[in-house]
């Protein structure tokens with residue numbers, strides 16, 4: 001097993017946090033029947049979508065796993081456990 005350095009952990013946390021934000025943004029647009037392109041957050045969503053090229057849909061279970069991974073990475077970086085405040 002190889003221990004990862006802080007830079008790699010921070011990069012993984014950033015990637016997962018951006019994806020979680022994107023999913024929450026899109027879910028909000030869908031449930032509120034809004035056109036994502038007319039929403040103020042569209043530029044950020046588009047930047048994330050362009051950055052990661054392919055973003056597959058997720059189930060509720062997969063979204064829960066994503067949040068769990070973010071919590072674990074933040075904990076390793078020194079945050080309090082269960083800190084999802086920035087999302």
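Coordinate-derived values only; no laboratory data. Please read all numbers here as calculations on a predicted model, not as lab measurements.
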Original post:
To the nearest 10 degrees, how steep is helix 60-76 against the longest Cα principal axis of the chain, on a 0 to 90 scale?
Top reply: 40 degrees
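Per-residue ellipticity at 222 nm for the chain, helices alone: DSSP H runs ≥ 4 residues times -39500 (n - 2.57), over residue total, nearest 500 deg cm²/dmol?
Working: 3 runs with 54 residues, N = 87.
The per-residue figure over the chain is -21000 deg cm²/dmol.
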Subject >> Gain in span if fully extended, residue 21 to residue 50, counting 0.36 nm per residue against the direct Cα distance >> reply: 9.0 nm
